[in-house]
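Participant: Dumping the structure here so I can ask a few things about it.
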Amino acid sequence: MCGIVAYIGNKDPKPILIGGLHRLEYRGYDSAGILVCNNSEYQLTKITGKVNALSKMLETKPNIAPHLGIGHTRWATHGMPNDTNAHPHYSNSGKLYMVHNGIIENYDTLKMELIKRGYSFYSDTDSEVLVNLIQEIKVKENVKLHKAVQLALNQVVGAYGIVVCDTFNPKELIVARLGSPLAIGLGESSFYVGSDATPFLDHTRKVVYLEDNEMAVLSKNGKINIKNIISDELIHPYIEELQWSLNSIQKGG
Ligand code: GLU
């Protein structure tokens, strides 16, 4: 088990992501990475090892004043634990970035198909296959990112919690879940995402837990849209107000 964090809004995502990844360290991991992005630039930082090392590496990079970020702690299932296989992964276009928890069981069939269509792969992960499948569908079907994610997930066999963004149009985060938990924190015109709620408890107590086969579009303007990945049915978000303290959660493990 490993971890996902993400943020979109008006604050600097870096401390939110690093703080969130620290909170998820209890799950175990072998590498960590984050992507941050503003309207014209993005910055990818990945490292084998601890979140502290990732944080130090980040300090050496220029501040691009980002408003969106996705972060990950990896527990390798496909490919060695190394910097290249660490998440986030990106599509061949260099536009789409994704973090993924879980396993894409039919990744080799999908990968063969994509290679036939001219795609190349830099990592050994199943996750890189999924982000390229999303790109392929987005271009081929000429659909918006959320639709491409939905169509791609309908071809996938396996388990996932994912967050996807388009660095060339960084107005939204697309999150989806099947078998790997994802919590969405609702802030002031902002959204937080975590494998559980602990990464963002300092920022908001309002949480929506995605159910299996659900995906959400989280927009920079504060709009949230949830739908069922298979049936396309819109789902009204059920917002919970969390009462527990961080202390009690941490003591309870
Ligand atoms: N299967 C993916 C990989 O090996 C994700 C592993 C995870 O859940 O951290 O990169």
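The values are calculated or read from the model by the stated rules, or taken from the named source; none is laboratory data. Computed from a predicted model, the values in this text were never measured in an experiment. Because the Cβ atoms are built from the backbone with ideal geometry, glycine has one as well, and the counts that use them run over all protein chains shown. Ligands, DNA and RNA are stripped out before the accessible areas are found, and what is left, the full protein with its side chains, is counted by its heavy atoms. Shrake-Rupley method; radii C 1.70, N 1.55, O 1.52, S 1.80 Å.
Participant: Of all residues in the range 171-193 being among the charged types (D, E, K, R) and assigned to a strand (DSSP E or B), which is farthest from PRO66 (Cα to Cα)?
Facilitator: ARG177
Participant: Scan LEU151, LEU145 and give me the residue that is hydrophobic (A, V, I, L, M, F, W, C) and without any contact (Cβ under 8 Å) to a residue 40 or more places away in the chain.
Facilitator: Of LEU151, LEU145, the one residue that is hydrophobic (A, V, I, L, M, F, W, C) and without any contact (Cβ under 8 Å) to a residue 40 or more places away in the chain is LEU151.
Participant: While we're here: Kindly provide the set of residues from the range 220-236 that are without any contact (Cβ under 8 Å) to a residue 40 or more places away in the chain, assigned to a loop (DSSP other than H, G, I, E, B) and open to solvent by less than 100 Å² (accessible area, probe 1.4 Å), ordered by number.
Facilitator: Hits for the range 220-236 are GLY222, SER231.
Participant: Restricting attention to the range 144-170, which residues are of a type in the set (Ser, Thr, Tyr) and within 11 Å of HIS100 (Cβ to Cβ)?
Facilitator: Once the filter is applied, which keeps residues that are of a type in the set (Ser, Thr, Tyr) and within 11 Å of HIS100 (Cβ to Cβ), the range 144-170 yields only TYR160.
Participant: Right, another one. Looking only at the range 116-149, filter to residues that are among the polar types (S, T, N, Q) and in a helix (DSSP H, G or I); which one of those is most open to solvent (accessible area, probe 1.4 Å)?
Facilitator: GLN135
Participant: Also, I was wondering about something else. Return the residues of the range 198-209 that are part of a loop (DSSP other than H, G, I, E, B) and touching a residue at least 40 places away in the same chain (Cβ under 8 Å); say none if nothing qualifies.
Facilitator: LEU201, ASP202, HIS203 - these are the residues of the range 198-209 that are part of a loop (DSSP other than H, G, I, E, B) and touching a residue at least 40 places away in the same chain (Cβ under 8 Å).
Participant: Please find, within the range 106-115, the residue that is nearest to the ligand (Cβ to nearest atom) out of those that are under 15 Å from HIS89 (Cβ atoms) and open to solvent by 40 Å² or more (accessible area, probe 1.4 Å).
Facilitator: Looking at residues that are under 15 Å from HIS89 (Cβ atoms) and open to solvent by 40 Å² or more (accessible area, probe 1.4 Å), I get TYR107.
Yes/no per residue for (1) within 25 Å of ASN38 (Cβ to Cβ); (2) in contact with a helix residue (DSSP H, G or I) (Cβ under 7 Å, 6 or more places away or on another chain):
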| position | (1), (2) |
| --- | --- |
| TYR119 | no, yes |
| GLU128 | yes, no |
| GLY194 | yes, yes |
| THR198 | no, yes |
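Participant: Filtering the range 69-92 down to residues that are of a type in the set (Gly, Ala, Ser) and near the ligand (Cβ under 9 Å from one of its atoms), which residue is nearest to HIS22 (Cα to Cα)?
Facilitator: Among residues in the range 69-92 that are of a type in the set (Gly, Ala, Ser) and near the ligand (Cβ under 9 Å from one of its atoms), the one nearest to HIS22 (Cα to Cα) is ALA86.
Participant: Follow-up question, since we're still on this one. So in the range 49-68, with the set limited to residues that are among the hydrophobic types (A, V, I, L, M, F, W, C) and surrounded by fewer than 17 Cβ atoms within 10 Å (Cβ to Cβ), which one is nearest to the ligand (Cβ to nearest atom)?
Facilitator: ALA53
Participant: Here's another thing I want to ask about it. Checking the conditions here, which among GLY161, GLY194, GLY179 is open to solvent by 20 Å² or more (accessible area, probe 1.4 Å), within 16 Å of the ligand (Cβ to nearest atom) and not hydroxyl-bearing (Ser, Thr, Tyr)?
Facilitator: GLY179
Participant: Please count how many residues of the range 226-250 are of a type outside the set (Val, Ile, Thr), modelled with pLDDT of 95 or more and touching a helix residue (DSSP H, G or I) at 6+ places or on another chain (Cβ under 8 Å).
Facilitator: So the count comes out to 2.
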